[in-house]
1. Give the separation of the Cα centroids, the range 85-118 to the range 165-220, in Å.
2. Along Cα→Cβ, 7 Å out, is where each label goes; now give me the distance between the ones at residue 131 and residue 235 in nm to one decimal.
3. Residues of the range 487-531 with backbone nitrogen within less than 14 Å of a virtual label 7 Å along the Cα-to-Cβ line of residue 466, please, listed as ranges.
4. Rounded to the nearest 5, what % of DSSP beta bridges with both residues in the chain are antiparallel?
5. About its Cα centre, what dipole magnitude does the chain give when the only charges are +1 on Lys and Arg Cβ and -1 on Asp and Glu Cβ, stated in debye to the nearest 20?
6. Within the set of other residues whose C-beta is less than 14 Å from the C-beta of residue 153, count the net charge using Lys and Arg as +1 and Asp and Glu as -1.
7. On a C-alpha basis, how far is the centre of the range 17-74 from the centre of the range 277-303 in Å? Whole number, if you could?
8. Which length gain, in nm to one decimal place, applies between residue 422 and residue 252 when the Cα-Cα distance is subtracted from 0.36 nm times their residue separation?
Amino acid sequence: MTASHPAPALESGDSPMPIGNLEGLKRYWRPDFLSGFLVFLIALPLCLAISLASGFPAIAGVMTAIVGGIVGSLISNSELTIKGPAAGLIVIVLGCVTDLGFTAGANPAADFAAYRGVLAVGVAAAMLQIVFSFLRAGVLSEFFPTAAIHGLLASIGIIIISKQIPVAVGLKASGEPLQLLRRIPETLDNMNPYIAVIGAASLLILFLKPLIKHRWVKLIPGQLIVILLAVPLGIYFDLSHEHTYSLNSHTFTIGEQHLVNVPFNLLGAVTFPDFAALNNPIAWKWVLMFALIGTLESLLSAKAVESLDPWKRRMDADRDLLAIGMGNLIAAFIGGLPMISEIVRSRANIDNGAKTRFANLYHGLCLLVAVALLPAIIHKIPLAALAAMLIYTGFRLAHPREFLHIWRVGPEQFVVFVTTIVAVLATDLLVGIGIGVALEIAIQVLNGVPMRSLFRPRFELQTAADGATQIHISDAAVFSNWLALRKQIVELGSSTQVILDFSGARFVDHTVMAQLERLREELLQAKCELTISGLDQLDAVSSHPLAARRLHSAESISKRLLKDVSPRSMIDE
């Protein structure tokens, strides 16, 4: 079981739980502004990098973060999340813009038309997200199997790495992810040395900085250090003027094409959607992808940030989804990228001492001031430095620790995880996640889950002598029937103590084990108690505390026959 984080010591005059209302705006403006400014220093280069990697103008990501900072802080009650473009959506946006005619600079008119078409897709997807919020689809993040979701995120990280390595060494990326990965030796052999120096130095900073434990160094964002080094290097190599240089009998060309291109007039960057693109049937595939993957990733990120909140404040998932939908609607109408609740910048927001959601507002306003007043400085940033930031972000998404963690949870989860990664790399995100979900269901059937219980949990209700309500689970509790089971638990938990008894179950999957952990914490916040019993009658597939449980061995069957009727908690077991 994951221990909860203790609340930090409160500053003099602080309330026990800061809330982002008008009083909170006045009371906490200093720590919120400081955190918002520090997050801005991280966000600016990342927004530029994500935009360019997505096939959008560099300024588009900044516009999205500005909108996300304003709209998110006004609508959502997720106090510490930062709204903006995220690396996890690069693959979707680039896939969409490519299908609509993007040529990566070969035909600027076609690229601009594809860009406007994707904005129309973004508007349609945003409207779907708003509908989702009114349909109370905030629980959508709890439906998909955990291993498949982690596999999806890891595959996105690998795709980002494959597409940014060429940019980091001064080349253009073209081809599918698996092709790009196979061509890495060839890419490095043909690199532009001056640009590669900038990319390699930037990567070195990003990977080495976390190893330095000095408290002053830890306060400086790694992305800011990269910019402070990369800009002078770009000036030294004279990237502002196109010219050639020779090295080892080879001639290389460098120039402004290796620098960020931003408009010097922010209003002039506003671009409106071309809704004629929605007449193309392929556009609707991407509308669905934007809406589903964006919603899922945003909800998962917001949930993760919620678990890091020192005050354990709970967000309204549907309200947060409404904020994302409204933000995406506005951003797409003016030329911005899709946005989500972004976890890396949100974690930085927490570490920098933010108290309320107005830190998100301040980060957006700082971005607005920067692009309005400092476009000449932003233009000096080398693309290789931004590519290095994305390679580092991709590595974090597909970190070897993630593979090790999933393996420790259970071999069957590792199979789903790796299969999802391979399927996404070989096909696309939607097909890949579908294959991962299908494999998870197949594994459950092999573990004895009856078909009748895959989507509808079987349980009986019984009132105990002390007035508590017991839910006796039959057959199985798995990801595909979890939402119905969760609804029953929440309804009962609002009025009585709930005892969830798994002693009659055949199988409880890892996703349900993890969701029960989160649900019990949520109910505790609402002064409701959820007790788990009967898991000791089942075998864990690994030593991980949240591993799947199944009825398998003769020992577990004999335990069931001799089970103790008194309820026990998961912690005890």
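Derivation of every value follows stated rules applied to the coordinates shown; laboratory data play no part. Quick caveat: nothing in here was measured; it's all calculated off a predicted structure. A quick note on method: Cβ atoms are made from the backbone with ideal geometry, for glycine too, and the neighbour counts reach across all protein chains shown.
1. 23 Å
2. A separation of 5.3 nm, rounded to one decimal place.
3. 496-500, 529-531
4. 65 percent
5. About 400 debye.
6. Here the count lands on 0.
7. The distance from the Cα centre of the range 17-74 to that of the range 277-303 comes to 22 Å.
8. Roughly 57.6 nm would be gained on extension.
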